[in-house]
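The values are calculated or read from the model by the stated rules, or taken from the named source; none is laboratory data. What you are looking at is a predicted structure, and each value in this text was computed from that prediction instead of being measured. Positions of Cβ are generated from backbone atoms using ideal geometry, with glycine treated the same way; all protein chains shown enter the neighbour counts. All accessible areas refer to the heavy atoms of the entire protein, side chains included, with ligands and DNA or RNA removed. Shrake-Rupley method; radii C 1.70, N 1.55, O 1.52, S 1.80 Å.
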Amino acid sequence: FIPLSFGLYLLLNKMVLGDPFAFSAIMMTYWKKELAFPWAGFWRALRSFVELPFSSYSVMVFLIEFMAGLVLIAGTILSFKRLRWSYAAYMAALSVLYLSTTFLQSTPRYLLTAFPLFLLGGELANKKRALILWLIFSVQLLTLFSCWFTFGQWAF
């Protein structure tokens, strides 16, 4: 059904917008995103974080996107070592799909579809020190994002 659904989406674009791939132009116009090698957006995020002045925006848009990309890559590598091959192949496909853009955007949100990360996280939960470190880290991020959201700032 996935190829059929994609075909119907392209047909709908053709009927409504006159171009089956109109979504590509729209993504470039509004979000400055286009298809690129998997490392292009990843390195752009790191370079932008280093070059731009330090601010909540640079942390949010560039550093956290870069770190989410690192989590995706590390999760893919660990999936090949610890999980069944089909989960590892799924993670590899997601890595290529999510990182093959000129501008990383919403990568932490996209990680929610990478269910093998949750399986790997379950293995970490069996180790008390790793679990405590993860809880400290995640509570800090939750607090940061909640504060930003409360004050009207953009937060994933």
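Enumerate by residue number the trypsin sites (Lys or Arg not before Pro) in segment 24-92 meeting two conditions: DSSP loop (anything except H, G, I, E, B), and at most 12 other Cβ atoms within 10 Å of the site's Cβ.
Values: sites: LYS32, LYS33, ARG44, ARG47, LYS81, ARG82, ARG84; in loops: LYS32, LYS33, ARG84.
Sparse-neighbourhood loop trypsin sites (Lys or Arg not before Pro): LYS32, ARG84.
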Original post:
So what's the angle, to the nearest 10 degrees on a 0 to 90 scale, between helix 22-31 and the longest Cα principal axis of the chain?
Top reply: 50 degrees
Original post:
Roughly how many percent of the accessible protein surface of the chain is carbon and sulfur, given a 1.4 Å probe and a whole-percent answer?
Top reply: 73 percent
**OP:** Send over a whole-number figure in Å² for the accessible area per residue of segment 23-87, probe 1.4 Å.
**Re:** 68 Å²
Original post:
Measuring from centroid to centroid over Cα atoms, what is the spacing of segment 73-115 and segment 7-71 in Å?
Top reply: 16 Å
**OP:** Using just the helices of the chain, give the 222 nm mean residue ellipticity in deg cm²/dmol: DSSP H runs with n ≥ 4 each add -39,500 (n - 2.57), and the total is spread over all residues, rounded to 500.
**Re:** -23000 deg cm²/dmol
Subject >> Cross-link reach list, lysines versus LYS127, counting only Cα pairs under 29 Å and skipping chain neighbours closer than eight places >> reply: LYS81
Original post:
Quick one: length gained pulling TYR57 to LEU97 fully straight, 0.36 nm per residue minus the C-alpha distance?
Top reply: 11.9 nm
Subject >> Acute angle (nearest 10 degrees) that the helix 2-17 long axis makes with the longest principal axis of the chain, alpha-carbon atoms >> reply: 50 degrees
Original post:
Among VAL16, VAL71, what's the order by accessible area (1.4 angstrom probe), most exposed first?
Top reply: VAL16, VAL71
Original post:
Which angle between 0 and 90 degrees, to the nearest 10, do you get for helix 128-150 versus the longest principal axis of the chain when only C-alpha atoms count?
Top reply: 50 degrees
